[in-house]
1. Amide H to amide H under 5 Å from residue 41: which residues, 5+ apart in sequence or cross-chain, H placed 1.01 Å off N in plane?
2. Under unit Cβ charges (Lys, Arg +1; Asp, Glu -1), what dipole magnitude, rounded to 20 debye, does the chain have relative to its Cα centre?
3. Summarise the accessible area of the chain (1.4 Å probe, protein heavy atoms) by the percent that is carbon and sulfur.
4. Using only Cα atoms, find the angle between the long axis of helix 78-94 and the longest principal axis of the chain, and express it within 0 to 90 degrees, rounded to the nearest 10.
5. For the chain, find the longest principal axis of its Cα atoms and tell me its angle to the long axis of helix 2-12, 0 to 90°, nearest 10.
6. May I ask you to evaluate 6.51 cos²θ - 1.76 cosθ + 1.60, the Karplus curve with θ = phi - 60°, for each residue of the range 27-41 and list the ³J(HN,Hα) values in order in whole Hz, giving x for glycine and proline?
7. For the chain, modelled as a GNM with alpha-carbon contacts under 10 angstrom, which of 79, 13, 50 fluctuates the most?
8. For the pair residue 62/residue 81, report the inter-label distance in nm, with labels modelled 7 Å from Cα in the Cβ direction.
Amino acid sequence: GAIRQAAFFQLQDVYANAFYSKYRPPQSMTDYELSLGRGGYVGTRNYELDSGAYYMHLIYNYFISPNIHKPQMLLSEPDIFSAINLLVDTWIIEQ
């Protein structure tokens, strides 16, 4: 649920920090909204380090929680794995 959804959003734009729950076609946006990087699923495109850190914290807590059957299965899903790698690559670039 939440981990998969957050991975999907991270893969849409790793620099965004707020997302729309439904796709908004870029052609329906104003020029001003487009200049801010809005459109698609992106609601706000302001890079904030804590957005990615929150996602990593969520994944870590899921992984170490007791009584979860094979948490590594979820974490090895391609979208989740890709989102984690994208975040780490972005942090390396932006530091």
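The values are calculated or read from the model by the stated rules, or taken from the named source; none is laboratory data. Note that the coordinates shown come from a computational prediction; the quantities given were computed from them, not determined experimentally. Neighbour counts run over all protein chains shown; Cβ positions are idealised from the backbone, glycine included. These area figures cover heavy atoms from the full protein model, side chains too; ligands, DNA and RNA do not enter into them. Shrake-Rupley method; radii C 1.70, N 1.55, O 1.52, S 1.80 Å.
1. So residue 41 has HN proximity to 24.
2. 340 debye
3. Looking at the chain in its full context, I get 57 percent from C and S.
4. For helix 78-94, the angle is close to 70 degrees.
5. Helix 2-12 and the main axis of the chain meet at about 40 degrees.
6. 5, 8, 8, 6, 4, 5, 4, 5, 5, 8, x, 7, x, x, 9
7. 50
8. Label at residue 62, label at residue 81, 1.5 nm between them.
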